[in-house]
Amino acid sequence: MNPLFVHGVPETRHIWEEVLLQLGLPLDHALSLPGFLEEASPDFAATKDDYVAWLIAEVERVGEPVDLVGHDWGFILATRVASVRPDLVRTLIGGSGPICADYEWHPLARIWQEEGAGEAWFDALDPEAFASAMMKAGVRAELARAEGQRLMNPNMHQSILALYRSSVNMGAVWERDLHRVTAATLLIWGEEDTAVPLRYAEQMRDHMGAELLCLDCGHFVPAERPAEYARAVGQHWERFSRL
């Protein structure tokens, strides 16, 4: 297998720590979106298309089809790569990220998409309050507090705002290519996800001919249910290891 894990927003690659531990894989298998833990290059505009191009380049470096695992925006990007470059992706796993024409962005996303309001939200950001919200969702305290502190990075703020403002109509544009995904796909979704309700997982399953695993948790599935998540990933890889 050639596994690459892609995190979402506003998290970092550390969201995968426990899943990778369960799978016996180092954190090196988890990519970091440009502009999140490290400053992006000056010519990187952090739009949705920039991130897709970045992920394609990361996959091409492997030199053969990879096994992509994504959460939230990481899954959106991984799915887009599997749609436009199906030759690069052998298996695709993940969820909590919708590519659906009728998806209505959650309230925080709409704030980030609004000029001025998004900047004000980050200016007022309290890392402890953010960590508390993650803990209430089922994320362990140590990880939640660390992610809250990482979110104080101004480069990350700019990247998030640019990404969301480039993606207002993303679902309507990208959904039409979901049928091009040839990778063996497993969707893993939280039954109590209020940011991206389960009905969108069902839509994507039908568009992609995918399998769907629902877990008893909310939005941060890899951090809320790492053992179950890792078990599902390992079983999916085992089924398709000879592709």
Worksheet, complete the sentence: Looking across region 204-219 at residues that are over 17 Å from the mean Cα position of the chain (by Cα) and of a type outside the set (A, V, I, L, M, F, W, C), the single one that is farthest from Cys100 (Cα to Cα) is Asp216
Item to complete: Return a yes/no flag: does region 178-193 have any residue that is without any contact (Cβ under 8 Å) to a residue 12 or more places away in the chain and surrounded by fewer than 21 Cβ atoms within 10 Å (Cβ to Cβ).
Response: no
Worksheet item: modelled with pLDDT of 95 or more and either aromatic (Phe, Trp, Tyr) or surrounded by 14 or more Cβ atoms within 10 Å (Cβ to Cβ) (or both), is that true of Pro98?
Response: yes
Discussion item. Kindly evaluate Trp16 against the criterion of being more than 16 Å from Glu147 (Cβ to Cβ) and of a type in the set (Phe, Trp, Tyr).
Written reply: no
Fill in: Tally, over region 36-78, of residues that are within 18 Å of Ala109 (Cα to Cα) and aromatic (Phe, Trp, Tyr)
4
Discussion item. Quick check on region 198-243: of everything there that is of a type in the set (Phe, Trp, Tyr) and at pLDDT 95 or above, which residue is surrounded by the most Cβ atoms within 10 Å (Cβ to Cβ)?
Written reply: Tyr229
Worksheet item: Hey, does region 37-46 have a residue that's closer than 30 Å to Thr194 by Cβ and either in contact with a strand residue (DSSP E or B) (Cβ under 8 Å, 6 or more places away or on another chain) or free of Cβ contacts under 8 Å to residues at least 24 places away in the same chain (or both)?
Response: no
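Residues are listed down the side, and each one gets a yes or a no for (1) surrounded by fewer than 16 Cβ atoms within 10 Å (Cβ to Cβ); (2) within 18 Å of the chain's Cα centre (by Cα):
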| residue | (1), (2) |
| --- | --- |
| Trp105 | no, yes |
| Leu108 | yes, yes |
| Ala133 | yes, no |
| Lys136 | yes, no |
Worksheet item: Condition test on Gln158, is it more than 30 Å from Trp174 (Cα to Cα), polar (S, T, N, Q) and out of contact with any Lys or Arg (no Cβ under 6 Å at 6 or more places or on another chain)?
Response: no
Worksheet item: Among the numbered criteria (1) of a type in the set (A, V, I, L, M); (2) touching a residue at least 12 places away in the same chain (Cβ under 8 Å); (3) on the phi < 0 side of the Ramachandran plot, which single criterion is violated by Ala53?
Response: (2)
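The values are calculated or read from the model by the stated rules, or taken from the named source; none is laboratory data. Note that the structure is predicted; figures quoted are calculated from it, not measured. Cβ atoms come from the backbone with ideal geometry, glycine included; neighbour counts cover every protein chain shown.
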